[in-house]
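The values are calculated or read from the model by the stated rules, or taken from the named source; none is laboratory data. No experiment lies behind these values; they were computed from the predicted model shown. Every residue, glycine as well, gets a Cβ built from its backbone with ideal geometry; the counts of neighbours run over all protein chains shown.
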Amino acid sequence: MAEAFLSYYSGGKFKTYSAGLEPGKLNPYVVKAMAEIGIDISNNRTKSVYEFLEKGISFDYVITVCDEANAERCPVFPGGGQRLHWGFPDPSNLSGNEEEIMEHTRNIRDAIRERVVGWLKAKGAYYASPSQEKQNH
């Protein structure tokens, strides 16, 4: 979600990547929650941080979003780049019925969006079309 929001609200000012320790499959609740606000991530592919290490890609910022309960599974990315940690619950760890999981996923989505938008504004890199701005309120 953070990758999608960074791309969406920066107007292309940032080239964004998302990765974890082990690639898995997209969480269908996350895909649905993002689609609800007009961001289609259904064709995204999960990636491993090792893909980027092998390619020698360097980053200006490395932002981790793991929650504190799963900190030991949070990727460490060696090399340059300012490191930021924004802890959010992992939607794949949610339990309950479908509506409860969706509600918690929406809450996580909205918290991530708020954090991304605030960070981009502080960096002077926030861009939103009028329709994006309406979504943000």
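Return the residue satisfying two criteria in turn: it lies in the stretch 4-25 and is free of Cβ contacts under 8 Å to residues at least 24 places away in the same chain and under 12 Å from the mean Cα position of the chain (by Cα), and of such residues it is farthest from Thr64 (Cα to Cα).
Ser7
Quick check on the stretch 92-129: of everything there that is hydroxyl-bearing (Ser, Thr, Tyr) and out of contact with any Gly (no Cβ under 6 Å at 6 or more places or on another chain), which residue is modelled with the lowest pLDDT? Spell out how you get there, then give the answer.
First, pick out the residues of the stretch 92-129 that are hydroxyl-bearing (Ser, Thr, Tyr): 92, 95, 105, 126-127, 129.
After this cut, where a residue has to be out of contact with any Gly (no Cβ under 6 Å at 6 or more places or on another chain) as well, the list is 92, 95, 105, 126, 129.
On the way: Ser92: 89, Ser95: 95, Thr105: 98, Tyr126: 91, Ser129: 67.
Among them, the one singled out is Ser129.
Here is a list: Asp60, Asp67, Asp40. Which entry is closer than 27 Å to Glu103 by Cα, modelled with pLDDT under 90 and among the acidic types (Asp, Glu)?
Working: Asp60 fails: closer than 27 Å to Glu103 by Cα; Asp40 fails: modelled with pLDDT under 90.
After ruling out the rest, the residue left standing is Asp67.
Does Ser10 fit the bill of being in contact with a helix residue (DSSP H, G or I) (Cβ under 6 Å, 6 or more places away or on another chain), modelled with pLDDT of 90 or more and more than 25 Å from Asn93 (Cβ to Cβ)?
Numbers: in contact with a helix residue (DSSP H, G or I) (Cβ under 6 Å, 6 or more places away or on another chain): yes; modelled with pLDDT of 90 or more: yes; more than 25 Å from Asn93 (Cβ to Cβ): yes.
Judged against the criteria, Ser10 is a match.
If Gly79 satisfies all but one of (1) closer than 20 Å to Val116 by Cα; (2) at pLDDT below 90, what's the number of the condition it fails?
Here Gly79 meets the rest and fails (1).
Out of all the residues in the stretch 20-33, which are modelled with pLDDT under 85 and not charged (D, E, K, R)? Lay out the reasoning, then the answer.
Going residue by residue through the stretch 20-33, those that are modelled with pLDDT under 85 are 20-24.
Of everything in the stretch 20-33, those that are modelled with pLDDT under 85 and not charged (D, E, K, R) turn out to be Gly20, Leu21, Pro23, Gly24.
Give me the pairs: first residue in the stretch 52-64 and within 20 Å of Lys13 (Cβ to Cβ), second residue assigned to a strand (DSSP E or B), beta-carbon distance under 6 Å, and six or more apart or on different chains, which are they?
Note: pairs meeting the criteria are Tyr61/Gln82; Val62/Arg83; Ile63/Leu84.
Right, Tyr17: at pLDDT 85 or above, of a type in the set (Phe, Trp, Tyr) and either assigned to a loop (DSSP other than H, G, I, E, B) or at positive phi (or both) or not? Lay out the reasoning, then the answer.
Numbers: at pLDDT 85 or above: yes; of a type in the set (Phe, Trp, Tyr): yes; either assigned to a loop (DSSP other than H, G, I, E, B) or at positive phi (or both): yes.
Yes; evaluated as a whole, the condition is true for this residue.
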